[in-house]
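Note sheet for the following structure.
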Amino acid sequence: MAAETAARYGVIGYPVSHSRSPFIHRLFALQTRQNMSYELLEAHPERLEAAIAEFRESGGKGLNVTVPHKTAVTTLVDRFSGRATIAGAVNTLSFQDGEVFGDNTDGAGLLRDLRGNLKVEVCDQAILILGAGGATRGILGPLLEGKPRSITVANRTLSRANALAERFSSRGKVDARAFSDVGAQDYDLVINATSAGLRGETPPWPAAAIRQDTVCYDLSYGIATPFTRWAQEQGAKRCVAGWGMLVEQAAESFCLWRNVRPDTAPVLRQISSTSAATPPNAS
């Protein structure tokens, strides 16, 4: 009897060559005994629709979506999950029953990492999010559900931060600031959701926001991202790169696709131990 063909999945982005998602999903598949493959699809924004169509038509079952496509891909989705609808951004596609289903697992992955792995609470905390792009869209809803004391979104361009604050106004109060207008406040948690780590840049992040007991979390990952290095220089209590969120959001996607939830703890230990040579990335 011929061996069953492996179900095909992947991650699409631009760039995508340094993504650790194939490694993570391979470990999940081995752990849960799933017959599947996972590949990298690099697609320039102009080829996003064509690349997804080609993958789907060739038998692909689902895709993770990373920068810069999380917002643009929403125009290609037939049906959204509740959390993707709230976010207005998608990081997980499933091709099922002749339609494209879009979900967003970023916020759930972040909260699982903060609360479960790092023991960092969200409830009644003052949170500052740096950046107003698709990554912030994905985490704002779940963070608001965690009932923080306050959330401020800061961005280089104030209009984009204002647009996000307005979008989420029905779910809770979100303050909007330009980087230059973030003063010295008692922020408990500062989250970097900019894509600067992918380019090795250090934007004009507001140093006044960091105090000695502030926890700084970078949604990008790497052994030392520009943001975590910057936060350490400002004297932050704790600086964390986004390995845990990467693994936890991947587990959410995997469960959606395969209907089985992998154990993330051994995968996180393994990927962290092999991270020393990995440049910053976002999925």
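Some notes on this structure:
- Across the stretch 129-196, the convex hull enclosing all Cα atoms gives 80 Å³ per residue.
- Ranked packing of 241-253, 97-109, most packed first, by mean Cβ within 10 Å: 241-253, 97-109
- Of all DSSP beta bridges confined to the chain, the antiparallel ones make up roughly 20%.
- When you work out D = kT/(6 pi eta Rh) for the stretch 148-267 at 20 °C and 1.002 mPa s, using the Kirkwood radius from C-alpha pairs as Rh and the Stokes-Einstein form, the result is 136 µm²/s.
- Computed log10 I(q)/I(0) for the stretch 35-161 at 0.10, 0.19 Å⁻¹: -0.37, -1.07, from the Debye equation with unit scatterers placed on every C-alpha and solvent omitted.
- Per-residue 3J(HN,Hα) values for the stretch 153-166, derived from phi via the Karplus relation 6.51 cos²θ - 1.76 cosθ + 1.60 with θ = phi - 60°, read 9, 10, 8, 4, 9, 4, 4, 5, 5, 4, 4, 5, 4, 5 Hz in sequence order (x marks Gly and Pro).
- Full-extension gain in nm, Glu46 to Ala208, via 0.36 nm per residue minus C-alpha separation: 54.4 nm
- Between Ile151 and Ile127, Asp175, the built amide H atoms are under 5 Å apart, and every one of these is 5 or more places off in sequence or on another chain.
- The spread of Cα positions in the stretch 84-130, taken along each principal axis and listed from longest to shortest, comes to 43, 21, 16 Å.
- Helix axis angle, 48-57 relative to the chain longest principal axis, alpha carbon, degrees: 30 degrees
- 25 Å Cα-Cα threshold exceeded, pairs from Lys70/Lys237; Lys173/Lys237; Lys147/Lys237: Lys70/Lys237; Lys173/Lys237
- Cα pair distances of the chain binned at 5 Å [whole percent]: 1, 6, 13, 17, 19, 17, 12, 8, 4, 1, 1, 0, 0, 0
- Quarter of the Cα convex hull surface for the stretch 7-61, i.e. its orientation-mean projected area (nm²): 3.6 nm²
Values quoted throughout were computed directly from the atomic coordinates according to the rules given, and no laboratory measurement underlies them. Since we're looking at a predicted model, the values are computed, not measured. Counting neighbours? That spans all protein chains shown, and the Cβs are built from the backbone with ideal geometry, glycine included.
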